[in-house]
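The values are calculated or read from the model by the stated rules, or taken from the named source; none is laboratory data. Here the structure is a predicted model, which means the values were calculated and not measured. Neighbour counts are summed over all protein chains in view; Cβ atoms, including those assigned to glycine, are modelled from backbone coordinates with ideal geometry. Note: areas computed on protein heavy atoms with side chains; ligands, DNA, RNA excluded. Shrake-Rupley method; radii C 1.70, N 1.55, O 1.52, S 1.80 Å.
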Amino acid sequence: MNKKINSRSIALHIATPFVVGAITCGILLLAAIKPFDKLKVYLNVAFMDDLKTDPDDEKSGLIIRDNKIISDYTGTTSDTGTFIRPRYGEMYAEIQCEKFSVVIPVYWGSDIQLLERGACQSTGSVIAGDAGNSVISAHEDTFFADLSSLEKGDAIIIRTNYGVFTYKVKEKIQFNKNDSKYVVPSKDTKLTLYTCKKNVLGSADERVGVVCELIEKKFYNSPAEDTAK
Amino acid sequence: MKKISNYIPSVILCVLLIIGLLGTSALIVADVRMTPEKTIDLAQREEIDEKSYAAIEKYYKEKASATGIPSDVFIGSITKEYVRDVIDSQIEATYRVFESGRAYSHASIPNPELEASIEKFFNDYADKTNYPKDEKFETKLKETKAQAYKTINSNCDIFKIDSMQSHGLLSKISKFYRRKTTLTVIAAVFDALMIGLLLLVNRRKRDVLYWIGISAAISGIIGLIPAIHLVRTRYYDSFSIKQPQVFAAYTKMLYSLTNTFIRVQVLLLISGAVFIVLYALCCRFFKGKIAENQK
């Protein structure tokens, strides 16, 4: 009887570390998912560099161009100016908002690889500051994780190398992925930001976002300066 | 230990202690290694100033045909010692930002030889081409000097602090840095609390040796496996950073932190083993006493 108790005790002593180890690893893995996604965002934003190309991109023909966006312009500005049209795969703007934890790079074009690096602007939409609908999307677990925290009246600043544009959130939206109401071209000048609605189970068919109106334009060059040159 | 009323709470406390020990060891590594002196020492050991100097040299050689200013005008007066001083001062400025939480600003270290070299080139060129040394000339000269300092500072910004600030990351790192010692103390107190609760939960106090032992050992193993994997597979070398000096600075810093973390985890693992052995010896001792009493 004593021998049985002893062997059970030994078995318990041996099995316990494995049980505890398995529970701890499970908890740590689950807990690390969100911080890992956030870390990827931070790493991507921190290590952006000019003309950084990923070897995989060469196979797909996609050339990803990371540009340094002017953030400390001190010269004169005007509310009219010249746009610098980006190329597909080029980072042409940054989104800044108090409610976002990082400054979000914006790439021209929608691509799986570009979505890993930042927000993507639909090439069917207009570039920031231009008349019409500027449509920008990003992943909900990385760059647009804080999008749902935006409220009406929040300011969103889009910095480009041709100017800085301030938008104000006008309405919060939700639509099905097949509904193109908010992403089609429009006559009025607006900014549409959207991402997938958080859904733990199943695929995300719903999209959430905001529509913003343009309230301020500051071009770094004016058409008059250009003609003078 | 065999009673469910002791066993399950002990398992829960053990899991919490493991997580606490992992957190404490990571915070200790950050607290000990993230100092301006250690960072400057790392930069000097890895000769990052050589890479920065090479980058500056390459920049001016490439720009020579576009600007019309020969690279020697700049490179001739920028020494490796000067580059090292700029790197060191930027690192110190960075840690000051971490400690204060204020915006990063770094004043350029004056280089009179560089300024004199640029002035000489401009004056010689103006004399040769009869270019009037008017206000425009002075402005251009001033801009060239300012741009030279900007280029040097940018190439010596080995941790891309300027870029991190403009992307809103510096404030986050600063928040953590200012609290790291407090967080380390909190984590240590948490570990002590878990040990205290284990003492409370276990009737036989020697069982606590077992729980502490396996907590430390498992914590050591959980920390060691990914850390060793990162070092063995040279994971940080896969970062695609274009500038060699920035690449070297970050990868060396990360390897240094990871290696220190590995050492701490090995210590934890050894401590865990010691506690388990002590527990085994205690068990044998008490079993021997019981057998003696029964005789």
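You can think of it this way: the chain between B:Val189 and B:Arg284 has 31.0 nm of extra reach, that is 0.36 nm per residue less the Cα-Cα gap. Net charge of the neighbourhood of B:Ile69, taken over other residues with C-beta under 13 Å away and scored Lys/Arg +1, Asp/Glu -1, is 0. Under a 5 Å amide H cut-off, with hydrogens placed 1.01 Å from N, A:Arg65 pairs with A:Glu90, A:Met91 among residues at least 5 apart or on other chains.
Packing, as the average of other Cβ atoms within 10 Å across residues, places the peptides B:129-139, B:271-281, B:45-55, B:101-111 in the order B:45-55, B:271-281, B:101-111, B:129-139, highest first. Using a 1.4 Å probe over protein heavy atoms, the accessible area lost on pairing B with A, summed over both chains, comes to approximately 2500 Å².
Looking only at other chains, what is the average number of their beta-carbon atoms within 10 angstrom of each beta-carbon in B:161-171?
5
How many angstrom lie between the Cα centre of segment B:60-125 and the Cα centre of segment B:211-287? One Cα centre to the other: 41 Å.
Computed over neighbours whose Cβ is under 14 Å from that of B:Val277, the net charge equals +2, Lys and Arg +1, Asp and Glu -1.
Direction-averaged shadow area of the convex hull around the Cα atoms of the protein assembly as shown, nm²? If you can, show how the numbers build up before the last one.
Working: hull surface 130.8 nm².
Mean projected area for the protein assembly as shown: 32.7 nm², to one decimal.
Between B:Glu37 and B:Thr129, residue separation times 0.36 nm minus the direct Cα-Cα distance comes to 28.1 nm. The equivalent ellipsoid of chain B has semi-axes of 61, 17, 13 Å, largest first, where each one is the square root of 5 times an eigenvalue of the Cα gyration tensor. The H on the amide N of A:Lys190, modeled in the peptide plane, is under 5 Å from the matching H of A:Gly132, A:Asn133, A:Ser134, each at least 5 residues off or on a different chain.
Each part gets one Cα centre, and for segment B:132-175 versus segment A:157-181 those centres are 32 Å apart. If R0 equals 41 Å, the separation of the Cβ atoms of B:Lys172 and B:Arg204 corresponds to a calculated FRET efficiency of about 0.30.
Axis angle, to the nearest 10 degrees, between helix B:170-201 and the longest C-alpha principal axis of chain B: 10 degrees.
Expressed as a whole percent, how much of the Cα-Cα distance distribution for segment B:144-282 exceeds 23 Å?
Percent of Cα pairs beyond 23 Å in segment B:144-282: 57.
Here B:Thr79 and B:Glu99 are evaluated by their C-beta separation; at R0 = 30 Å the FRET efficiency comes out at 0.50. For segment B:88-115, the residues whose amide N sits under 19 Å from a probe point set 7 Å from the Cα of B:Arg179 along the beta carbon direction are B:97-103. Placing one equal scatterer on every Cα of segment A:81-210 and applying the Debye formula, the log10 ratio I(q)/I(0) at q = 0.11, 0.12 Å⁻¹ is -0.34, -0.41.
For segment A:105-115, the Karplus equation 6.51 cos²θ - 1.76 cosθ + 1.60, evaluated at θ = phi - 60°, returns couplings of x, 10, 9, 7, x, 10, 7, 4, 5, 5, 5 Hz by residue, with Gly and Pro reported as x.
Here the gap between A:Ser9 and A:Thr74, fully extended at 0.36 nm per residue and compared with their Cα-Cα distance, gives a gain of 15.9 nm. The residues packed around A:Lys187, meaning those with a beta-carbon under 14 Å from its beta-carbon, carry a net charge of -2 if Lys and Arg are +1 and Asp and Glu are -1. Among the residues of B:205-215, the average count of other protein chain beta-carbon atoms within 10 Å of the residue beta-carbon is 1. A simple spin-label model places pseudo-atoms 7 Å from Cα toward Cβ; at A:Gln113 and A:Thr166 they are separated by 3.8 nm.
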